[in-house]
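Notes for the one structure printed next.
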Amino acid sequence: MSKKTVKLIANQVEALLKRNNLSITGSRKKILQIFLEQTGALAHVNIEKKAGEKFDRVTVYRTLQTFVDKGIIHIIPTADNSIRYALCKDECSEGHHQDHHIHFVCNNCSKTFCLDDVVTPEIKLPAGYSAGHVEVVVEGICKKCGSQSPK
């Protein structure tokens, strides 16, 4: 990663924390940096490994929960009842997640992706029902794994 990219990510980290009225701490900066450097969703254990021994499990968990509460990251449930986290887009705010897109889990590499260009379909509920959150998870083979399969 170039020095210019590292500087750009550091600036994004500080701007995100300031915009959400969060103190700029070492753990918040590092964990947010990890998300900005990734293309897919991350499990708690992946975040712990990438953060290094510098932060304990509780610090990582509390930081993730703060980011979810502030609308910085969102939770993606998986078929095996584990949780993954991914960056929210700018439309999300404290207490109001606007991530109306499909999540894709690759059955080959186990990576989870936010498919931002695929919007969740409108769900028409019966009278008296009100949806608070809609989550759509699609399982299959991602484009990287699909392109690696022998022809």
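Listed values, structure above:
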item	result
Within a Gaussian network of the chain (alpha carbon springs, distance under 10 Å), most fluctuating of 132, 40, 52	132
Distance (nanometres) between label positions extended 7 Å along Cα→Cβ at residue 82 and residue 145	1.3 nm
Gaussian network model of the chain, Cα within-10 Å springs - most flexible of 25, 112, 66	25
Relative contact order computed over the chain (Cα-Cα under 8 Å; 6+ residues apart), in percent	17 percent
Distance between the stretch 1-61 and the stretch 101-151 - C-alpha centres, whole angstrom	25 Å
Label-reachable residues, the stretch 73-87, where backbone N falls under 17 Å from a point 7 Å from residue 116's Cα toward its Cβ	73-76, 85-87
Total charge dipole magnitude, the stretch 3-148, about the Cα centre, Cβ charges on Lys, Arg, Asp, Glu only, Debye to nearest 20	780 debye
Spin-label pair residue 69/residue 38, simplified geometry with 7 Å Cα→Cβ offset, distance in nm	2.1 nm
Protection proxy ranking, peptides 9-21, 114-126, average beta carbon neighbours within 10 Å, highest first	9-21, 114-126
Helix runs (DSSP H) in the chain reaching 15 Å along axis by Cα, Kyte-Doolittle at least -0.5	3-19, 26-37, 57-70
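Coordinate-derived values only; no laboratory data. What you see is a predicted model; the values in this text were computed from it and never measured. Every residue, glycine as well, gets a Cβ built from its backbone with ideal geometry; the counts of neighbours run over all protein chains shown.
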